[in-house]
Amino acid sequence: MKYRKLGNSDVLVSEIALGSWLTFSSGAHKQAAIACVQRALDLGVTLIDTANIYGRGAAERVLGEALAGRPRDSYVLATKLFFPMSDTDRGLSRAQVHKQLDASLDRLRVSYVDLYQCHRHDPATPLEETLQALTEVVRAGKARYIGFSEWPIDRIEAALAIPGVERFVSSQPQYSLLHRGPERALIPLCARSGISQIVWSPLAQGVLTGKYRPGQPVPADSRAAQDSMKDFLRPEWLQPEMLRAVQSVGAVAAEAGLTLAQFALAWVLREPNVAAAIIGATRPEQIDENVAASGHLVPPELFERAERLLAQAAVPASRE
């Protein structure tokens with residue numbers, strides 16, 4: 001496992017991070033989730049990412065159980081707030097920042113998180129109020145650093161211009177071979193501002209594992225088969241032409257001595273502004289494969305071939 005500095009912080013994080021969005025949100029999968037955490041930590045993963053909204057606190061509770069007994073300085077713990085936790089609890093007001101962080105700390109069984117992230121921008125709360133509240137929790141020792149996920153560029157710039165408050169050190173965007181939008185404005189801005197990317201969906205919701213085959217039904221246990229995932233899996237990614245291109249990228253990956261998933265993760269990690277790529281897992285063996293992507297030096301021409309194959313298959317909407 002290789003490690004990278006997280007923005008303008010003094011924290012090193014593993015290039016592969018473990019997410020907790022789906023598996024950890026269901027009580028039925030708790031033991032599998034705990035096994036995945038243990039395997040990830042044993043393989044050198046240090047960054048664990050979660051959010052209060054995942055299972056309405058369920059993911060944080062599972063992580064609290066999984067991490068119990070581990071030295072607190074042996075892992076980097078990140079959580080988020082913004083989405084509704086009740087009919088009245090949502091957003092990034094000062095009251096919510098304090099209330100939701102205290103609740104997250106209780107569920108996670110820790111006294112602080114290393115990274116507290118705003119899951120989305122809150123247009124209903126003045127930016128100054130949010131940043132001041134985040135500054136308060138950092139200076140109270142409840143969070144070491146702060147970050148954001150999927151904020152508009154102008155709101156990031158406005159936050160960076162506020163004097164006397166803590167500075168963001170991380171951004172969490174969707175970024176993959178199939179979703180390259182952050183390259184246009186987000187990554188350049190963050191690179192200039194001491195902010196690293198912690199990437200979600202680097203495998204494009206599983207499309208870049210090769211599990212979806214052209215002309216074949218989607219696997220019954222896959223995300224594409226779940227109604228709840230339809231907003232995250234773009235229909236154009238599952239078109240036959242794109243799926244054929246993905247299979248062709250798998251052949252390119254083989255030239256690098258990698259699986260398709262490892263190659264897709266290595267592509268994300270080729271970007272210097274990326275500190276880590278978040279993976280999900282339902283079985284420990286999946287972590288074994290994905291962790292092996294760290295540290296691979298893939299010839300740039302192989303990445304370029306993969307980009308061309310996918311660009312030729314893409315419809316305009318998928319080139320964002």
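Any read-out appearing in this document is the output of simple, stated calculations on the displayed coordinates, not a laboratory observation. Treat the numbers as computed from the prediction; the structure is a model and nothing was measured. Neighbour counts run over all protein chains shown; Cβ positions are idealised from the backbone, glycine included.
Sort His296, His179 so the one with the fewest other Cβ atoms within 10 Å of its own Cβ comes first.
On the way: His296 17, His179 20.
By the 10 Å Cβ count, ascending: His296, His179.
Excluding residues fewer than 8 places away in the same chain, name every one of the aspartates and glutamates whose C-alpha is closer than 12 Å to that of Lys30.
Glu60, Glu65
Using +1 at the C-beta of Lys and Arg and -1 at the C-beta of Asp and Glu, which of Val11, Leu101, Gly69 has the Cα lying farthest in the positive direction of the dipole of region 1-133?
Value computed over the given set: Gly69.
To the nearest 0.05, what FRET efficiency results for Gln31 and Lys5 with a Förster distance of 35 Å applied to their C-beta separation? Provide the component values of the computation, followed by the final result.
Details: r = 34 Å, r/R0 = 0.98.
Using R0 = 35 Å, I get an efficiency of 0.55.
Before anything else, pin down the relative contact order of region 138-198: Cα pairs under 8 Å, at least 6 apart, normalised by residue count, whole percent.
Value for region 138-198: 34 percent.
Helix 300-313 sits at what angle to the longest principal axis of the chain, using alpha carbons and giving 0 to 90 degrees rounded to 10?
Tilt of helix 300-313: around 80 degrees.
Of Ser111, Ser25, Ser93, which has the largest mean-square fluctuation in a 10 Å C-alpha GNM of the chain?
Comparing Ser111, Ser25, Ser93 in a Gaussian network model of the chain, the most mobile one is Ser111.
What does the net charge come to around Met85 if you take all other residues with beta carbon closer than 15 Å to its beta carbon, with K and R at +1 and D and E at -1? Let's see the in-between values first.
Numbers: positive: Arg56, Arg61, Lys80, Arg90, Lys99, Arg107, Arg120; negative: Glu60, Asp87, Asp89, Asp102, Asp106, Asp122.
Its environment carries a net charge of +1.
Tell me, what ³J(HN,Hα) does each residue in region 248-255 have, in order and in whole Hz, if you take phi through Karplus 6.51 cos²θ - 1.76 cosθ + 1.60 with θ = phi - 60° and put x for Gly and Pro?
Going residue by residue, I get 5, 5, x, 5, 5, 4, 4, 5 Hz, with x marking Gly and Pro.
Over region 34-142, what is the mean sequence separation of C-alpha contacts under 8 Å (at least six apart), divided by residue count, expressed as relative contact order in percent? Intermediate results must be reported in sequence, preceding the final value.
Numbers: 144 pairs, mean separation 30.3, N = 109.
Here the relative contact order equals 28 percent.
Using the Karplus equation 6.51 cos²θ - 1.76 cosθ + 1.60 (θ = phi - 60°), what ³J(HN,Hα) coupling, rounded to whole Hz, does each residue of region 86-101 give in order, writing x for Gly and Pro?
6, 5, 10, 10, 6, x, 10, 5, 4, 4, 6, 4, 5, 5, 6, 5
So what's the angle, to the nearest 10 degrees on a 0 to 90 scale, between helix 127-139 and the longest Cα principal axis of the chain?
With both axes taken from Cα atoms, the answer is about 80 degrees.
Stokes-Einstein diffusion coefficient for the chain at 10 °C in a medium of 1.306 mPa s, Rh from the Kirkwood formula over Cα pairs: what value in µm²/s?
Numbers: Rh = 20.0 Å.
The Stokes-Einstein estimate is 80 µm²/s.
How far, in degrees from 0 to 90, does helix 58-67 lean away from the longest principal axis of the Cα atoms of the chain, to the nearest 10?
Orientation of helix 58-67: about 90 degrees from the principal axis.
Quickly work out the Gln38-to-Glu307 label distance, labels modelled 7 Å from Cα along the C-beta direction, and quote it in nm with one decimal.
About 4.2 nm, to one decimal.
Less than 16 Å apart at the alpha-carbon level, and either on another chain or at least 8 residues along: which lysines does that give for Lys142?
Partners within reach: Lys80, Lys99.
Please work out the Cα center distance from region 289-314 to region 250-264, rounded to the nearest Å.
7
Can you show me the helix-derived [θ] at 222 nm for the chain, built from DSSP H runs with n ≥ 4 at -39,500 (n - 2.57) apiece and divided by the number of residues, rounded to the nearest 500. Intermediate values should be presented prior to the final figure.
Working: 10 runs with 115 residues, N = 320.
Theoretical 222 nm ellipticity from helices: -11000 deg cm²/dmol.
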